[in-house]
Amino acid sequence: MNTLATVLLPALPLAAGWAAHVWWLRGCLNTARRDPLTGLRTRDGFTRRATTLLKDPRAVVVLADVDKFKDINDAHGHAAGDALLKATADRLAHHVGRSGVAGRLGGDEFAAVLIDDHGTAADMLAVLHGVLGRPVDGQDPALHTTVSLGWVRAEDFPADDLSGLLRRADEAMYAAKQARAGMRRAGLGWLFATVTGRRAGRSGARQDLPVVGVAA
């Protein structure tokens, strides 16, 4: 026993140092996967978690885009715009909960994957849409805007991966924004053509692939 202790004791500081290094690296990785403004996952972190969640047939993919965000920045300043983005992120994360994931894909565009336990996604997202449009706490009451939502049930397109489902949600979101409808669901009808994640009208999009449907 004494011989074993003699061999192991010198190795303890090395093991402790390695454990601390691993902990530090993990912290750096987690930080890199978080958006510094909103605290949400960045695209990479969101993709990793969302891909896992999509194994559940009850998963719903949501894309949210702040309406007229440039106007907010122009009228109230970038600090106010940042406050709006932070409030949007906080509300989205709270609504999604720990069972889902929310991320900031860039600019004023957010994405989420949630698990629809009771088949009430439309009602849940209608509530979320209202919450996201509230004035920002602690800011000028004029600092608020609407948010357009597009969503899709993963089980409606079982052959699609996360990228494909985000594309469909993006199409539905764009339709909601154009129609000022608040939110749209992809999968029930015909909508704009997309290819490689670009909606019709975006640079690089084709016009001969009508693949996405919507419903109010």
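The values are calculated or read from the model by the stated rules, or taken from the named source; none is laboratory data. Just so it is clear, the structure is predicted and the values come from calculations on it, not from any experiment. Because the Cβ atoms are built from the backbone with ideal geometry, glycine has one as well, and the counts that use them run over all protein chains shown. Just the protein is used for accessible areas: all its heavy atoms, side chains included, with ligands, DNA and RNA removed. Shrake-Rupley method; radii C 1.70, N 1.55, O 1.52, S 1.80 Å.
The table that follows gives values for the structure above.
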quantity	calculated
Pair Ala126, Ala79: separation of 7 Å Cα→Cβ label points (nm)	4.0
Contour minus Cα-Cα distance for His118 and Arg134 (0.36 nm per residue)	3.1 nm
Karplus-derived HN-Hα couplings along the stretch 166-179 (A = 6.51, B = -1.76, C = 1.60, θ = phi - 60°), whole Hz, x at Gly and Pro	5, 4, 5, 5, 5, 4, 5, 4, 5, 5, 4, 5, 5, 8
Which of Glu109, Glu155, Glu171 is most accessible, then next, and so on - probe 1.4 Å	Glu155, Glu109, Glu171
Lys68 accessible area, assembled protein chains, probe 1.4 Å, Å²	140
Proximal lysines relative to Lys86, as straight alpha-carbon distance under 25 Å, when same-chain residues fewer than 8 apart are discounted	Lys68, Lys70, Lys177
Ranking by accessible area, most exposed first, for Val127, Val101 with a 1.4 Å probe	Val127, Val101
The stretch 90-163, Cα convex hull volume normalised per residue, Å³	105
